[in-house]
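Colleague: This is the structure, below, for whatever I ask next.
The values are calculated or read from the model by the stated rules, or taken from the named source; none is laboratory data. All figures in this text were calculated on a predicted structure; none of them were measured in a lab. Positions of Cβ are backbone-derived with ideal geometry, glycine not excepted, and every protein chain shown enters the neighbour counts. SASA here: full protein model, heavy atoms, side chains in, ligands and nucleic acids out. Shrake-Rupley method; radii C 1.70, N 1.55, O 1.52, S 1.80 Å.
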Amino acid sequence: MNYILFDGPVRNALLPFTYTRPVADIRIGILTIREKWEKYLGYTTTTITEDYLSEKYPMVEMEENILINASFLPNEVLVEMIKSLEPHQAIFKHEEVIAFYTNDTQEEVDFDSYEIIEYNEDGLQIAHPWDIFAKNDQAIREDFELLTEGRTSQPIPKSVNVIAPEHVFIEKGATLEFVTLNAATGPIYIGKNSEIMEGSVIRGPFALCEEAQVKLATKVYGATTVGPHCRIGGEVNNSVLFGYSNKGHDGFLGNSVLGEWCNIGADSNTSNLKNNYEEVKLWSYETENFAKTGLQFCGLMMGDHSKCGINTMFNTGTVVGVSANIFGSGFPRNFVPSFSWGGASGFTTYLTRKAFEVAKVVMSRRQVEFTEEDKNILEHVFEETKKWRKE
């Protein structure tokens, strides 16, 4: 069967993270949403997404296709329902389509002619940027079961101080000595060729993905995910780093999400709680206003390729777009548009030519090429986000 993951109606609500990737390639738990679906289905997937992303994330359409709303995360019940679909059947949760089996072209789909199957189970859906950290606890637990079932962990080194070792899984090539792991509060997954340096203290749920690193004497509270090739240090609480991002020094990152190729300068801090303890509001690209989150704790949402200098202070509920560069004293405003350069004293436009030069250097340090596709995507984002920058 040919499975296609589509962005669905929440794509704009998930900006800035979906400026540079389909919804399917958001990381939550240990895996990306796409990786979860492919593991459950046993098939590779392609994507229906924005036109400007389709060169990097193409769609393969065949005569018979099952399309899946990528904002929904898979579980055994839902996957079994999808695998059992017949042509012109669709699975809905309330008014929202989860999956449908079609042999029509995408322009011809008319759900009035479909047999509707209701999905009434509880399951994870990512509909807002803050869902990525707020639902990360359950996502880590589900991915841990998925990845470790029937497998044996590498032995826990004797120097490691561990609570609930049965809930710790170490992949081949991982190194850790003289650290404390508390898996009584949730599972701890330590990925292939990753490293936890001496003196670090970690409470689960926690996921350290392939080639990622925890620096000396780092303090980590669950539920936290450190994506592939990321570096963390200092104090981190209930945060998700997608991949190739660094928060390598002292300072606090809490209830936050960092995209790819981000860098947090030394001694930078995120506030995750308002002084008056009120509900946090977060910038919404969809409404172009600040939206209620229903959360008391919410820190920083930072899009791909954005960076901040040393001693940067982020206020509670700050959204930073793609390829922004923030520095200087004081608190920058709670919404920093993409390709902004500056800080609390004001911003100018970060020219694409200079941003691309930095991206090439940063990515080459990890042996990743900055491709023409990457350049075209970022140029599109630059143009699309002009209206929020003060030129």
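Colleague: Determine if the range 299-312 includes at least one residue that is touching a residue at least 24 places away in the same chain (Cβ under 8 Å), surrounded by fewer than 23 Cβ atoms within 10 Å (Cβ to Cβ) and in contact with a strand residue (DSSP E or B) (Cβ under 6 Å, 6 or more places away or on another chain).
Modeller: Yes: one or more hits.
Colleague: Scan the range 156-174 and tell me whether some residue there is open to solvent by less than 50 Å² (accessible area, probe 1.4 Å), farther than 30 Å from L85 by Cα, in a strand (DSSP E or B) and touching a Phe, Trp or Tyr at 6+ places or on another chain (Cβ under 6 Å).
Modeller: Checked the range 156-174: at least one residue is open to solvent by less than 50 Å² (accessible area, probe 1.4 Å), farther than 30 Å from L85 by Cα, in a strand (DSSP E or B) and touching a Phe, Trp or Tyr at 6+ places or on another chain (Cβ under 6 Å).
Colleague: Then there is this: I'm checking my understanding of the structure. Among residues of the range 313-335 that are out of contact with any His (no Cβ under 9 Å at 6 or more places or on another chain), under 17 Å from E260 (Cα atoms) and aliphatic (A, V, I, L, M), which one is surrounded by the fewest Cβ atoms within 10 Å (Cβ to Cβ)?
Modeller: Checking each candidate, the answer is V319.
Colleague: Oh, and also: Of the residues that sit in the range 15-56 and are open to solvent by less than 50 Å² (accessible area, probe 1.4 Å) and of a type in the set (K, R), which one is nearest to the chain's Cα centre (by Cα)?
Modeller: Looking at residues that are open to solvent by less than 50 Å² (accessible area, probe 1.4 Å) and of a type in the set (K, R), I get R27.
Colleague: So, of the residues in the range 98-131 that are open to solvent by less than 30 Å² (accessible area, probe 1.4 Å) and farther than 22 Å from M1 by Cβ, which turns out to be farthest from the chain's Cα centre (by Cα)?
Modeller: The selected residue is L124.
Colleague: Which condition does K281 not pass, out of (1) closer than 27 Å to W388 by Cβ; (2) crowded, with 24+ Cβ neighbours inside 10 Å; (3) not hydrophobic (A, V, I, L, M, F, W, C), if it passes all the others?
Modeller: Checking K281 against (1) closer than 27 Å to W388 by Cβ; (2) crowded, with 24+ Cβ neighbours inside 10 Å; (3) not hydrophobic (A, V, I, L, M, F, W, C), the one that fails is (2).
Colleague: Now for a different question. Residue by residue through the range 345-374, note down the ones that are under 16 Å from G321 (Cα atoms) and either without any contact (Cβ under 8 Å) to a residue 60 or more places away in the chain or among the polar types (S, T, N, Q) (or both).
Modeller: G346, F347, T348, T349, Y350, L351, T352, A355, F356
Colleague: Looking for whichever is more than 18 Å from N238 (Cα to Cα) and touching a Pro at 6+ places or on another chain (Cβ under 9 Å) here; the options are T185, T152, T102. Which one fits?
Modeller: Within the list T185, T152, T102, the selection yields T102.
Colleague: Answer with yes or no whether S268 is without any contact (Cβ under 8 Å) to a residue 24 or more places away in the chain and over 20 Å from F17 (Cα atoms).
Modeller: Considered against the rule, which asks whether it is without any contact (Cβ under 8 Å) to a residue 24 or more places away in the chain and over 20 Å from F17 (Cα atoms), S268 comes out as no.
Colleague: Turning to a different aspect of this structure: Quick test of your reading of the structure: F242 fulfils all but one of (1) over 15 Å from F133 (Cβ atoms); (2) modelled with pLDDT of 95 or more; (3) outside any loop (DSSP other than H, G, I, E, B). Name the failing condition by number.
Modeller: (1)
Colleague: Could you please give the count of residues in the range 179-201 that are in a strand (DSSP E or B), of a type outside the set (A, V, I, L, M) and under 15 Å from S153 (Cβ atoms)?
Modeller: Total meeting the criteria: 1.
Colleague: Now a separate question. Which of the residues belonging to the range 222-275 are polar (S, T, N, Q) and within 16 Å of D137 (Cβ to Cβ)?
Modeller: Selection gives T224, T225, N237, N238, S239, N255, S256, N272.
Colleague: Here's something else I'd like to know. Quick one: which strands (runs of 3 or more DSSP E) lie wholly within the range 279-391 and hold at least 3 residues that are out of contact with any helix residue (DSSP H, G or I) (no Cβ under 7 Å at 6 or more places or on another chain) and within 17 Å of P16 (Cα to Cα)?
Modeller: 281-284, 289-292, 300-302, 318-320
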